[in-house]
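What follows is a short report on a single structure.
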Amino acid sequence: MSTPGRSDLVRYGLFGLPLAFAGLPLYVHLPRYYSEVHGMGLTLIGALLLAARLVDTVQDPLIGWAADRWPHRRRTMMMASLPLLALSYAAIFWPLPLHGAALSAWLLGMLVLAYTGFSILSILYSAAGVTLAGGDYHANTRVAAAREGIVLIGVVLAAALLPQLLINRFGMAQGFLLFSGLFAVTLFACAVPLLRMRALFSATPNAGPHGSVRQCFATPERRWLFALFFVNALPVAVTSTLFLFFVEDRLQAPEATGWLLALYFLTAAASVPLWTRLTRRLGKRRALMGALLLAIASFIWAYGLGAGEVTAFAIICAMSGIAVGGDVAILPSLLADALMEAPQIRSLAFGVWNFLTKLTLALAAGLALPLLDAAGYQPGQANGPEALGALSLAYALLPCLLKIASIVMLFLSPLDQRRIP
């Protein structure tokens, strides 16, 4: 394909809006919803999220492999996944009147189904972006920026604004039911213009034999990129899982959660065009290094915050949001660069990418929540200094250490060396 125009980017990027509803917001809202509405313990919620993600992570590379193996079925796979995701998402927030082990089994089953639908859609959607860019180095960044920028806007709506508005008006249980219905409408509406771009899902001949996971790691560039992405995604997963707890119990400002989340993701979305321009001027490697340094410089403040320090935390949210904008604009673009000459593994590579994303979220929920539980932290309760200190440590210092590791990895890696001016 030729390099994409603005209308192509809009039609393609819009589908990122509903996909954002099914990704990060589940990890933000689900622990709170099931602990407060259904009385489920944090350790059990963390274990169920971890189990569902582990099942899901196994299938992501398989989905990518299948899409590359039968490219003429890609569009059909996407169409079949739309109702699967919409129905299972609604079932998560409107479960049958079950209790105990039965409710746990229901949640686990619906999470697996929702993750399956989400995985198929997101893998094929991301791989289609490489086709849309037409093999152009800078177009890879424009396509990634269009997709990820709209995803960030969707996260603002799904994680910060809409749920809180609906909860305030209708209560938590009814609010999330309405939220899942709105998600279904948005999902189908945004899928129509994307699926009409048939060339993105056409059965083009693959170069060479069908791909394997081993081929995804066949070059040093791809090996370093996957490793860097995994380590760099861990801090975002930790902070996303613990954000509501930190604001409500450490800052003691539950009324500020909505606008603080909105500020974080809106600054991230607004910064994407800036990072796109910086990649043209500095190269993707240098621009990414700047994003990592900014994340550490801004977020390390959070460890010392206490009750009522909302203004300081708002500054942290804005600065760290800008840093995340660099991550989401540059890292997927680097993957697209690494896949330009490997069309036979494009969907599979994004399946591995999804696998790593979900693994970080699973580790964050499955490890951080039980550790806080062991430290005596109880959401929404009067917690002592030791429990609140553990919350601050997990929320602020651990992500900074992981970002430092990411900087070291990027410095040692061969990523984008040839394109640095």
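Just so it is clear, none of the values below were taken in a lab; they were calculated from the coordinates. Since this is a predicted model, take the numbers as computed values, not measurements. Cβ placement follows ideal geometry from the backbone for every residue including glycine, while neighbour counts extend to all protein chains displayed.
Going highest first, how would you order 120-130, 62-72 by mean Cβ packing within 10 Å?
120-130, 62-72
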*Convex hull projection area averaged over all views, segment 363-421, Cα basis, nm²*: 5.8
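Rounded, prolate or oblate for segment 347-396? Axes are the square roots of the Cα gyration tensor eigenvalues, ordered a ≥ b ≥ c, and the cut-off for rounded is a/c under 1.5. Don't skip to the answer; put the middle values down first.
On the way: a/c = 4.32, a/b = 3.54, b/c = 1.22.
Taking the square roots of the gyration eigenvalues as a ≥ b ≥ c, segment 347-396 is prolate.
Once you wrap a convex hull around the alpha carbon atoms of the chain, what is its projected area averaged over all directions, in nm²?
Working: hull surface 74.2 nm².
Averaging across all directions leaves 18.5 nm² for the Cα convex hull.
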*By what distance, in whole Å, do the Cα atoms of segment 228-316 stretch along each of the three principal axes, largest value first?*
42, 25, 19
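When only Cα pairs under 8 Å and 6 or more residues apart are kept, what is the percent relative contact order across segment 166-317? Spell out each step's value before the answer.
Values: 54 pairs, mean separation 27.2, N = 152.
Relative contact order for segment 166-317 comes out at 18 percent.
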*Starting from one equal scatterer on each C-alpha and no solvent at all, send me the Debye-based log10 I(q)/I(0) for segment 90-232 at q = 0.13, 0.18, 0.19 Å⁻¹, two decimals.*
-0.85, -1.27, -1.32
*So what's Rg/Rh here for segment 1-153, counting alpha carbon atoms and using the Kirkwood radius for Rh?*
1.04
*With a ≥ b ≥ c taken as the square roots of the eigenvalues of the C-alpha gyration tensor of segment 1-71, please select rounded if a/c is under 1.5 and otherwise prolate if a/b is larger than b/c or oblate if it is not?*
oblate
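In whole Å, what three semi-axes, largest first, describe the equivalent ellipsoid of segment 317-378 built from its Cα gyration tensor (square root of 5 times each eigenvalue)?
They are 32, 18, 5 Å, listed largest first.
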*With unit charges on the beta carbon (Lys/Arg positive, Asp/Glu negative), name the residue among P83, W70, L42 whose Cα is farthest towards the positive pole of the charge dipole of segment 13-112.*
W70
*asked:* Tell me the volume per residue, in Å³, of the convex hull enclosing the alpha carbons of segment 238-381.
replied: 116
*Say the dipole of the chain comes from +1 at the beta carbon of Lys and Arg and -1 at that of Asp and Glu; which of I316, F229, A342 then lies farthest toward its positive end?*
A342
*Looking at V328, A199, V155, which one has the Cα that reaches farthest to the positive end of the dipole of the chain (charges on Cβ: Lys, Arg +1; Asp, Glu -1)?*
A199
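With the Cα gyration tensor of segment 305-421 in hand, convert its eigenvalues to equivalent ellipsoid semi-axes via √(5λ) and list them largest first in whole Å. Could the numbers behind the result be given before it?
Details: eigenvalues 251, 69, 31 Å².
After scaling each eigenvalue by five and taking roots: 35, 19, 13 Å.
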*Does segment 174-307 classify as rounded, prolate or oblate by the C-alpha gyration tensor (a ≥ b ≥ c root eigenvalues; a/c under 1.5 gives rounded; else a/b over b/c gives prolate, otherwise oblate)?*
oblate
*Semi-axes, largest first, in whole Å: what does sqrt of 5 times each Cα gyration tensor eigenvalue give for segment 65-118?*
29, 11, 5
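For A364, what charge total do you get from the other residues with a beta carbon under 11 Å from its beta carbon, if Lys and Arg give +1 and Asp and Glu give -1? It would help to have the intermediate numbers written out before the result.
On the way: positive: R53, K358; negative: none.
Once all neighbours under 11 Å are counted, the net charge is +2.
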